[in-house]
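To start, the structure under review is shown below, and the notes come after it.
Coordinate-derived values only; no laboratory data. These numbers come from a predicted model, not from an experiment. All Cβ positions, even for glycine, are placed from backbone atoms using ideal geometry, and neighbour counts span all protein chains on display.
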Amino acid sequence: MSEKSPRECLERFADAWARRDVGGLLELMTEDAVYAASVGPEPGRTFRGHAELADGFRAMFEHDAGAVIEQGEPLVNGAWAVCTWTYHLVADDGSPYCEHGIDLWRFSDGKICLKDAYRKTRGRLTGRCPVSRHALTGRCARRGGVR
């Protein structure tokens, strides 16, 4: 792939993602790219390099099977971009719902070197995450917590 602008990379990435085209996605990523997925045990899960990225993309396609994707307009600033997205899904009981998210992107030499995804989902808060617990109770650690 010849060098593309960040906006062109994002447009091509969105098209490949909608087609579930892992090879097309990898063409847009640097060899040492990082994909920090919006779901997994970390929370999220981080994949590094093309072999791991391919596994990560396939895992997300399986996780989000049946979702209809609505991509927001990206905001690009130099080598960085952000872009919102919405997945339209159907629950097990047949009721429709949405999951909203935002991706943080970084570019290097005309390719994507970071895709860091964040997602708002349905579900219960477990209190396992100290930041979430502090944010919910209004208490905040002085070491950079959320207010």
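Compute the label zone of Glu73 within the stretch 1-38: residues whose backbone N is under 17 Å from the point 7 Å along Cα-to-Cβ. Within reach of a label on Glu73, which here means backbone N under 17 Å from a point 7 Å along Cα→Cβ, the stretch 1-38 contributes 7-8, 10-11.
Thr86 to Arg19: extension gain in nm, 0.36 nm per residue of separation minus the Cα-Cα distance?
Extending this stretch completely gives an extra 22.5 nm.
Around Arg58, what is the net charge, scoring Lys/Arg as +1 and Asp/Glu as -1 over all other residues with Cβ under 13 Å from its Cβ? Don't jump to the answer; show the numbers that get you there.
Numbers: positive: Arg20, Arg45; negative: Asp21, Glu52, Asp55, Glu62, Asp64.
Result for the local shell: -3.
Once the chain from Phe61 to Tyr97 is taken as fully extended at 0.36 nm per residue, the excess over their C-alpha distance is 11.2 nm.
Each peptide among 39-45, 105-111 gets the average number of other Cβ atoms lying within 10 Å of its residues, and from highest to lowest they stand as 105-111, 39-45.
Can you give the net charge of the other residues whose Cβ lies under 12 Å from the Cβ of Ala81, counting K and R as +1 and D and E as -1?
Result for the neighbourhood of Ala81: -2.
Remark: spin-label model distance Lys120-Glu42 equals 2.3 nm, labels positioned 7 Å along the Cα→Cβ axis.
Extension gain, Ser108 to Arg7, is 35.1 nm, computed as 0.36 nm per intervening residue step minus the present C-alpha separation.
With a cut-off of 13 Å between beta carbons, the residues surrounding Val34 carry a summed charge of -1, where Lys and Arg count +1 and Asp and Glu -1.
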